[in-house]
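Everything below concerns the one structure shown next.
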Amino acid sequence: MSVQRKRIGIMGGSYNPVHAGHMIVASYIAQWGVLDEVWLTLSPQNPFKRNLNLADDAHRLEMLRIAVGSSPFLRVCDVELSMPRPSYTVDTLARLSEMYPDCDFRLIVGADNWESFGKWRSPDEIVSRHGLIVYPRPGYSTDGCEGTPGVTCVEAPQVELSSTFIRDAIAAGRDMNFFLPPGVYQYIIENGLYGSVQ
């Protein structure tokens with residue numbers, strides 16, 4: 001009798017910081033999708049972005065751990081922190097497949113990344129080897145998603161919230177408790193991140 005392979009969704013990001021929108025999408029896809037777990041994978045450096053207000057890897061990783069807590073279907077993945085930079089998703093998926101041969105990994109991206117997915121490194125390889133799950137984002141189209149082999153569109157809730165908005169609000173002295181997973185705002189304040197003041 002064959003053992004069923006675990007189906008893992010990889011949701012990468014700089015999580016600078018992780019916010020409620022990230023957690024809602026990850027939770028939805030893990031519970032309403034065809035996956036067993038979603039791993040929030042911390043990216044140390046996005047090849048398409050140069051963020052001068054990027055908190056240290058250790059802080060962003062700890063905020064992810066606080067956000068995920070003891071969830072049975074969400075997990076924090078730090079594999080990219082030990083890989084060459086900038087990190088490329090195709091290499092991350094290959095590394096994870098080597099590390100966890102009993103798991104099938106699928107990449108999760110928002111509609112914003114779907115629009116530019118053809119510019120990623122080895123996009124065809126990602127889709128053919130692992131598959132892609134695309135969730136909606138306000139203001140972005142998922143045209144071409146349905147019917148593309150290896151690509152699944154999901155109707156996850158749309159949350160118009162960004163890490164840039166969160167950082168700007170914190171720097172302006174606004175209370176972001178309700179915009180962040182429990183415990184994350186307190187961590188930001190305690191560590192003086194993003195221009196916050198105790």
Ordering of 12-19, 179-186, 93-100 by burial proxy (mean other Cβ atoms within 10 Å per residue, highest first): 12-19, 179-186, 93-100
Sites N53 and R121, calculated FRET efficiency, Cβ-Cβ separation with R0 25 Å, nearest 0.05: 0.50
Under the Karplus curve 6.51 cos²θ - 1.76 cosθ + 1.60, θ = phi - 60°, whole-Hz ³J(HN,Hα) for the range 168-178, x wherever Gly or Pro sits: 4, 5, 5, 5, 8, x, 7, 7, 9, 3, 7
Portion, in percent, of the accessible area of the range 1-156 that falls on carbon or sulfur, probe 1.4 Å: 49 percent
Whole-Hz ³J(HN,Hα) from phi, Karplus 6.51 cos²θ - 1.76 cosθ + 1.60, for the range 107-117, glycine and proline x: 8, 10, 9, x, 4, 5, 6, 4, 4, 10, 4
Under 5 Å, built H, 5+ apart or other chain: amide partners of C77: L40, T41, L42
Amide H within-cut-off set for W120, under 5 Å, with H built and near neighbours excluded: none
The range 16-32 residues near the modelled E146 label - backbone nitrogen below 20 Å, point 7 Å along Cα→Cβ: 29, 32
Cα Rg, Dmax, the range 28-144, angstrom units: 14.5, 38
Acute angle (nearest 10 degrees) that the helix 57-68 long axis makes with the longest principal axis of the chain, alpha-carbon atoms: 80 degrees
Using alpha-carbon coordinates, inclination of helix 89-99 to the longest axis of the chain, degrees: 70 degrees
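Measuring with a 1.4 Å probe in the full set of protein chains, what accessible area per residue, in whole Å², belongs to the chain? Spell out each step's value before the answer.
On the way: 10480 Å² over 198 residues.
Spelled out: the 1.4 Å probe surface of the chain, per residue, equals 53 Å².
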Rounded, prolate or oblate (a/c below 1.5 giving rounded, otherwise prolate when a/b exceeds b/c) for the range 133-198 by Cα gyration tensor: prolate
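The values are calculated or read from the model by the stated rules, or taken from the named source; none is laboratory data. Since the model is a prediction, treat every value here as computed from it, not as a measurement. Quick reminder, even Gly has a Cβ in these numbers, built from the backbone with ideal geometry, and neighbours come from all protein chains shown. Note: accessible area is taken over every heavy atom of the protein model, side chains too, but ligands, DNA and RNA are not part of it. Shrake-Rupley method; radii C 1.70, N 1.55, O 1.52, S 1.80 Å.
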